[in-house]
Structure formats: C-alpha cells, structure tokens
Amino acid sequence: MTTNKNGLAYQRILLKLSGEALAGEEGLGISPDRATDIAQRVKQVHEMGVDVAIVIGAGNLWRGRTGLNAGMDRATADYMGMLATVMNALALMDAFERINLMTRVQSAIEMRSVAEPYIRRRAIRHLEKNRVVIFGGGTGNPFFSTDTAAALRAMEIGADVLIKATKVDGVYDKDPNQHVEAKKFEHLSYIDTLNRRLEVMDSTAISLCMENKLPILVVNLWDEKALAKALLGEKVGTLVDEG
C-alpha cells in the first residue's frame, strides 16, 4: 500500500458508525460518555491530517424493523429512522466541539434550525477547511440504509476509503462472540463478500463501492490504536476491495 507525503495511506475517509456506538450498556439511547470516546478517537486521526466525514445509523433510537413487524408503512418507518440519525449526528457534533474539533452537520432532510441542508460542494469545502462533517438523514429517501448513504456520500466527497467501525476486529465467517472457531478474513473481494453473504454492509452499499472501486475497511472502533494504524497503512481489520 502506498502512502502520501504525510505517511498516510488514506487522506480523506468516510467513517460509518452504527447507532449502537452511541448507546449505553442497555444498547439504547445516547450515552454522552460513548459520544466523548468516539470524539477522542476521531480527533486522534484528524490531528494526523486526515479529512474526516461521518455517517451514523439510528439503531440505538429506532429500528424500522420494529415498526414493520407491527404493520407500520415501510416509508414511514424509514423516515423515522432518518430523523433519528440527525439526533445522533447532533450528539456527536456536541461531543466533538466540546474537545475543540470544529464540526458541521448536514442533513439530507432539511431542518435548517439544527443542521445545514446536504450540499455536496459545501461539504467538500468544510473538509478543505479542516472541519469534520457529519451526514445525517440517510440518503433522504426511504428504502435505503445508512450503509448505502455512507457509500454514496463517500463517493460524492471523493473519499479514499469507507471505514466501517464495528465492535470486532474485522470480518469473520461467523459470529466470533458465539463461535470460538470463527475464521477472520484479512482481505476479501467485493464479489466474495456478496457471494458469502457476509454482514459487512448491505448488498446495495457493497455493489455501489464495487462499481466505483472504493475500498471498504472494517475495523474495531473500540481498539484505541486500530483506526490510526489503518490510516498509516498497517494491516488492521479486514479490507474489502477488487481483490
């Protein structure tokens, strides 16, 4: 893997966080302590000279599947999830700015009192001005996941890699928390990931990355050094690319 003049393997990243990353021990709600932990990790890589954009899910506040199982309309359930991602984005923004990390939240669903509308060129300009940009509201359309939103935004801002932050140190053939014999993959192709139905991201997001040759790196967010090591080009987590 080649590095730039700053010794970085990636200059601009899109970090995809699950909503559960903000949750407390119960797996629900927003924990200010968790938000602070994430902010410190982002600040560490930001100070390395990396442009950072973020997409966060909403699973800590709302799961559309819950509504669907109760007979809710799919579009309504998805819009509720999109609104919840904006709440998570605001919580992250607050945590970032408390440690002096300048941040902008852009929402695909307009709510001008709390967030900028998503404008691609403005987002890129914020990154050029050394600000972290958090994208809320998913894609702005129902029937698309925040995984797909992350892939889309990564392409739009010219990210070098899409980093999927998880609770484990990569992609396994089965859940490593339940199976001690689970095998970790250090490298996968997009096609292998799709064919094996590995839970890296949803198939729409992976296909979008494949079509645009955007690598996906899966790392453990809670390993204090994993993200920095990945950006320096060290082998960390699981890399998904053309193979």
* Structure fact -> Among residues of the stretch 231-243 being out of contact with any Asp or Glu (no Cβ under 9 Å at 6 or more places or on another chain) and closer than 22 Å to Leu152 by Cα, the residue surrounded by the fewest Cβ atoms within 10 Å (Cβ to Cβ) is Glu242
* To do: Give Thr238, Thr166 a once-over and let me know the one that is polar (S, T, N, Q) and closer than 30 Å to Arg122 by Cα.
  => Thr166
* To do: Residue by residue through the stretch 46-58, note down the ones that are over 12 Å from the mean Cα position of the chain (by Cα) and either outside any helix (DSSP H, G or I) or at pLDDT below 95 (or both).
  => Glu47, Met48, Gly49, Val50, Asp51
* Asked: Within the stretch 51-96, which residues are surrounded by fewer than 22 Cβ atoms within 10 Å (Cβ to Cβ) and among the β-branched types (Val, Ile, Thr)?
  -> Thr66, Thr76
* Asked: Which of (1) surrounded by fewer than 24 Cβ atoms within 10 Å (Cβ to Cβ); (2) touching a residue at least 40 places away in the same chain (Cβ under 8 Å); (3) under 28 Å from Thr103 (Cα atoms); (4) of a type outside the set (Val, Ile, Thr) does Glu156 not meet, given it meets every other one?
  -> (2)
* Asked: If we keep just the residues of the stretch 193-236 that are of a type in the set (Asp, Glu) and modelled with pLDDT under 95, which is nearest to Gly57 (Cα to Cα)?
  -> Asp202
* Asked: When you go through (1) assigned to a loop (DSSP other than H, G, I, E, B); (2) modelled with pLDDT of 95 or more; (3) under 29 Å from Glu234 (Cα atoms) one by one for Ile30, which number turns out not to apply?
  -> (3)
* To do: Please list, ordered by first then second residue, the pairs with beta carbon atoms under 8 Å, 6 or more apart or interchain, first in the stretch 219-239 and basic (Lys, Arg), second surrounded by fewer than 21 Cβ atoms within 10 Å (Cβ to Cβ) and part of a loop (DSSP other than H, G, I, E, B).
  => Lys235/Glu186
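Out of everything in the stretch 166-196 that is among the acidic types (Asp, Glu) and assigned to a loop (DSSP other than H, G, I, E, B), what residue ends up being surrounded by the most Cβ atoms within 10 Å (Cβ to Cβ)?
Of everything passing the filter in the stretch 166-196, Asp169 is surrounded by the most Cβ atoms within 10 Å (Cβ to Cβ).
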* Contacts under 9 angstrom Cβ, first residue in the stretch 111-133 being without any contact (Cβ under 8 Å) to a residue 12 or more places away in the chain and in a strand (DSSP E or B), partner crowded, with 19+ Cβ neighbours inside 10 Å and of a type outside the set (D, E, K, R), 6 or more apart -> Pro117/Gln106; Pro117/Ser107; Pro117/Ala108
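The values are calculated or read from the model by the stated rules, or taken from the named source; none is laboratory data. Keep in mind that what you see is a predicted model, and the values were worked out from it rather than measured. For neighbour counting, all protein chains shown are included, and Cβ atoms are generated from backbone atoms with ideal geometry for every residue, glycine included.
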